[in-house]
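Read-outs throughout are calculated quantities, based only on the coordinates presented, and are distinct from any laboratory measurement. Worth saying up front: this structure is predicted, and the values here are computed from it rather than measured. Every residue, glycine among them, receives a Cβ derived from its backbone with ideal geometry; neighbour counts consider all protein chains shown.
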Amino acid sequence: MSITRRNLVKSAAASTLGIALPMKFALGQGAEFNYKLANNLPPSHALNVRSREMADKVRAETNGRVDIQVFPSSQLGSDTDALSQLRAGGIEFFTLSGLILATLVPKASISGIGFAFSDYPTVWKAMDGDLGAFIRGEIAKSNLVAMDKIFDNGFRQMTSSTKLINTAVDLKGFKMRVPVSPLWTSMFKAFDAAPTGINASELYTSLQTKVVDGQENALTGIMALKLYEVQKYCAMTNHMWDGFWCLANRKAWERLPANLRDIVAKHMNAAAVAERADLAAQAESMQADLTSKGMVFNTPKPEGFREKLRTAGFYAEWKGKLGDEAWSILERSAGKLG
């Protein structure tokens, strides 16, 4: 190692000031652990705002040993690509919907069962409790590590460029974009729609070019992705809740010494809790903001949609796929389904 007079002066100055820095950081050689965190959301989304804050706090509390760089807007690849990179170690952290993660961890989709959750207290009781613990256990089997707290992605609504969606009948034959996820595809097939799996990075263009006529998303996603430019109508169906798991590549996670893992986990979990509050505050004004941009809203009654899923065998199918244990844990929080 070549140590210059200038670096020695810096190191001596740090010692004089009583700054307890590891030698390599006192010598200005950068972080010991340079990790990447990828996601599919725009930089302005609360998840990215809180993730950047998290990275700053981790950098400060570890005295620069851990540097986490946040890559929003699918900069490192689509959800499918980024998940592959996460598993291979090319990306160390990735925030991903449990329903898309279900392509790798099938039981991760259980939190998105149609019309399972009626409100946020029910969601957080489940996801911060037994259901969240069950899903994290399933994720661990795939050599990934999930943080204890899941980010909010909101209750999802249905949008259309062609018509209002008032009942399940309005979905018959409707070309609906869904994320690349078996559960989403299954649910909209049960509605007799024509679902097409499309990654978030291609969503706007697919709506603009009429590959699909509609999509479903949380209001924050509709705003952040500017979908109001290519969608006219929004049905407030609250048909499913979705969240983003903060996932780590296991080898990269275990490379961090235990004390550094504790610091990173603490700030990542705090970021998720803060982001939940951000989205709750934004929800109060979001519909008015989207209305001002030209979207037309309606509020369908959920009973007809739920009954369609029941008679189509959707609940019975997914109880069979997910297993009695998972279904029992879900119903303890959400109430009886099917």
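Per-residue 3J(HN,Hα) values for segment 243-254, derived from phi via the Karplus relation 6.51 cos²θ - 1.76 cosθ + 1.60 with θ = phi - 60°, read x, 10, 6, 8, 10, 10, 5, 4, 5, 5, 5, 6 Hz in sequence order (x marks Gly and Pro). Okay, which of segment 111-146 sit inside 18 Å, backbone N to the point 7 Å along the Cα-Cβ direction of residue 336? Only 115-118 pass the distance filter. Highest mean packing first, where packing is the average number of other Cβ atoms within 10 Å per residue, the peptides 127-138, 290-301, 142-153 line up as 142-153, 127-138, 290-301. For the chain, the 222 nm mean residue ellipticity estimated from helices alone, with every DSSP H stretch of n ≥ 4 adding -39500 (n - 2.57) and the total spread over all residues, rounds to -14000 deg cm²/dmol. For 260, 330, the sequence from fewest to most other C-beta atoms within 10 Å is 260, 330. The angle between the Cα long axis of helix 302-311 and the main principal axis of the chain comes to about 80°, on a 0 to 90 degree scale. Peptides 35-46, 193-204 ordered by packing proxy, namely the average of other Cβ atoms within 10 Å per residue, highest first: 35-46, 193-204. Residues whose amide H comes within less than 5 Å of that of residue 38, counting only those at least five positions distant or on another chain, are 71, 93, 94, 95 (H built at 1.01 Å from N in the peptide plane). Amide hydrogen proximity for residue 197: with H placed 1.01 Å from N in the peptide plane, the residues at 5 or more positions away or on another chain lying under 5 Å are 178. Positive-end ranking of 95, 249, 220 along the dipole of segment 22-334, with charges on Cβ about the Cα centre, is headed by 249. Simple point charges give the picture: +1 on the Cβ of Lys and Arg, -1 on the Cβ of Asp and Glu, and for the chain a dipole about the Cα centre of about 640 debye.
Packing around the peptides 77-86, 162-171, 90-99, 244-253, taken as the average count of other Cβ atoms within 10 Å per residue, puts them in this order, highest first: 90-99, 244-253, 77-86, 162-171. Summary of the geometry: segment 323-337 and segment 70-87, compared by the centres of their Cα atoms, lie 32 Å apart. Expressed to the nearest 5 percent, the antiparallel share of DSSP beta bridges inside the chain is 50 percent.
Give me the angle, in degrees from 0 to 90, between the Cα long axis of helix 324-334 and the longest principal axis of the Cα atoms of the chain, rounded to the nearest 10. For helix 324-334, the angle is close to 90 degrees. The residue 60 and residue 255 beta-carbon pair, evaluated with R₀ = 25 Å, returns a calculated FRET efficiency of approximately 0.75.
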